[in-house]
Every structure is written in C-alpha cells, then in structure tokens.
Amino acid sequence: MQAAARRMRKTTAAIALGIAALFAAVDFAEARRAGGGGFGSRGARTFSAPAPTNTAPGAASPVQRTMTPQPAQGQQAAPGAAARQQQAAQPSRGLFGGMGGALLGGLLMGGLLGMLFGGGLGGFAGFIGLILQVALIGFLVVLAMRFFGARRQQPAAVAAGGARPDFGGNAGDTTHTPFSFGGNGGGSPSAAPSFHAPVMETPLEPEGADFDRFEQLLGEVQDAYGREDYAALRRLATPEAMSFLAEELGELASAGKRNSVSDVKLLQGDLSEAWSEGDDDFATVAMRFSALDAILDRNSGQVLSGSLDEPQESTELWTFRRRKGGEWMLAAIQGTE
C-alpha cells in the first residue's frame, strides 16, 4: 500500500513539473514575440500601419523602438494604430500570464515540495483545494482590475473623440507583378501632426532607378550586418536605424554570438506607400527575400540556430529615406505578423 502511494506521489509530482514547464515555455515564447517588433522611423507615419501589398498582405509589426515622439493626444496616427502599439508594448498574457503565471508557478512548486517531502495523498487534496481558492481570488482580482481600467480609459476616450487625421494615406496599388517594384504605391496627401506644427505630406512616385536602389540596399545592409561592418552601416542607414542595428550586434557579441548573413536574394517586392515630408522623401517597400542566415558561436563557429546551407525566406517591410537631392538610406525595418 505504501509502495502504491509512493508511486502515485511520484507520478503526480512529474505531472506538476510538466505543467510548470509548459507555463514557463509559454511565457518565454510570448516574451520573444513581444521583443520582435520593428525599429527606426517612418516620419509622421511611424505609428501608423503600412498599406498592405501582394508581397505583405497581412499586418506589419508595429515600430516598437523609435526616437520619433508619439503624436499628441487627440492627434493619433491611423485609427487603431496607437492601440496596436500599446498592446505590442504591453502584451496581454491572459489569465495565467504575468502575475497569475507567477502565482500558479509558486503554488505548483509549493505543492510539489509538499508531495515529495510529506503529506501524501491527503496533502495533494489540500493542494488542489488551495489552487481552487487562489484561482477564484485571482479571477475576482482580474475582473476588478479590468473594471477600474475601463473606467480610467473612458475620460481619455472622450477627450480624444475629435477628428483624427488619416496619417496612413491610401493603400498602394497591389496589382503589380512580382519583382516589378513598380506602380503607384504613394499615399494620398494628408496632414501628420507633431507636437508643435503639422507636417504636410505630398505624394511621391518612385522611379525605376529608385526600386533598383532599394534592392541593392537590401543586400548591402544585410551583408554589412553579417560582417559587423559598422562603417558600412553608417553609410547605408540613417543614424537612428544604425543605432538600433549596432545595439543588436552588441547584444549578440556580449552573448558570445554573431549573426552570419550571406547570399541575399530578392524574390518578390512591391511598394506599400511613398510620400514626402518637407525636404525628406520616404518609401516603404515590402520585400520577400531568401538568405543564408545563422547564429554562430563567436569562438567555435558552431551553428546555434538557422543554417549556413539551406536558404531561409523572410518577408519584411523596409522604409527608406532620402534628403532632397541625396541618396536613399535605410530608415526602418518591420516584420510581418
């Protein structure tokens, strides 16, 4: 009888460990998704979603790392863009995320220790009862937080209930064939308010030479990034975009890793939107490309993730910027959700 009880206790402990590991894995995955947003600046459209295209028909990841100030209250970007930005910065983790996950993990560990070092089946029953009680309390706390949170948001919604200019412009023409990069993707004229004065936007029609340069920049930036060539990145990217690229390279180096990127090939690309703001031109381009992309151990060269032999495909939206009469430079990169 005692042997059966011990086996039951060990089996239950193993199940509890598996459940705890599952919640830890979910939290880790959500943390990775939350940190994988875009970076850089799209001028007045930084906080609005790029227009969908044939290459990137879905939603683009919001720009989470930027030096561009948020629009003043009541002068938001495209409807819903600010809400998506706030949700991306503070992702919801459901009932068992955040504090709930921590409480559940603590309860599982406490119950596990109790089952391993005493209490037997009776202790396990008490542990289940404790979980049910804490789950009920947690449910009531979540309801209260949502209720008071909704009440706090109501005055802000009333204050911002005025007209909201359309910062996103019209969607680009998505009927072009792959590889063409052609067409009329520019946004319509609209006013993009800043903290002080509105920035007037005008449509822009990139030419064939511009699209050729966008394709060249895709390969040149990736190659410089893979070689950790900071001088080349400063020449190819705006100072803001360069700072974020350098930050990523520094984090990899401090972890004893490096990112090898080579053999970049554009598979399909089209224009999302293009516009001018004062003396600056902007163009956001959706690009699907393949590359040999791998994370390597900095000392041994061992492949930790990715592949040096099998090309991997990615779809991203790159925003390019140029001063009047100047050269195009990388200004922002956004993934697709």
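The values are calculated or read from the model by the stated rules, or taken from the named source; none is laboratory data. Keep in mind that what you see is a predicted model, and the values were worked out from it rather than measured. Reconstructed Cβ throughout: ideal geometry from the backbone, glycine too, with neighbour counts over all protein chains shown. The protein model used for the area step is the full one, side chains on, heavy atoms only, and it has no ligands, DNA or RNA in it. Shrake-Rupley method; radii C 1.70, N 1.55, O 1.52, S 1.80 Å.
Couple of notes before you dig in:
- First in segment 50-74 and farther than 23 Å from Asp270 by Cα, second anywhere and crowded, with 22+ Cβ neighbours inside 10 Å and at pLDDT 95 or above, Cβ under 6 Å, 6 or more apart: Thr66/Thr46; Thr68/Thr46
- Residue in segment 261-278 that is closer than 14 Å to Arg42 by Cα, open to solvent by 10 Å² or more (accessible area, probe 1.4 Å) and modelled with pLDDT under 95 present: yes
- Residues in segment 291-337 that are open to solvent by less than 40 Å² (accessible area, probe 1.4 Å), in contact with an Asp or Glu (Cβ under 8 Å, 6 or more places away or on another chain) and either not in a loop (DSSP other than H, G, I, E, B) or not small (Gly, Ala, Ser) (or both): Ala291, Leu292, Trp328, Ala331, Ile333, Gln334, Gly335.
- If you go through segment 197-213 and keep only what is in a strand (DSSP E or B) and closer than 24 Å to Phe244 by Cβ, you end up with just Val199.
- Filtering segment 214-241 to residues that are surrounded by fewer than 18 Cβ atoms within 10 Å (Cβ to Cβ) and either in a loop (DSSP other than H, G, I, E, B) or at pLDDT below 95 (or both) leaves Arg227, Glu228, Asp229.
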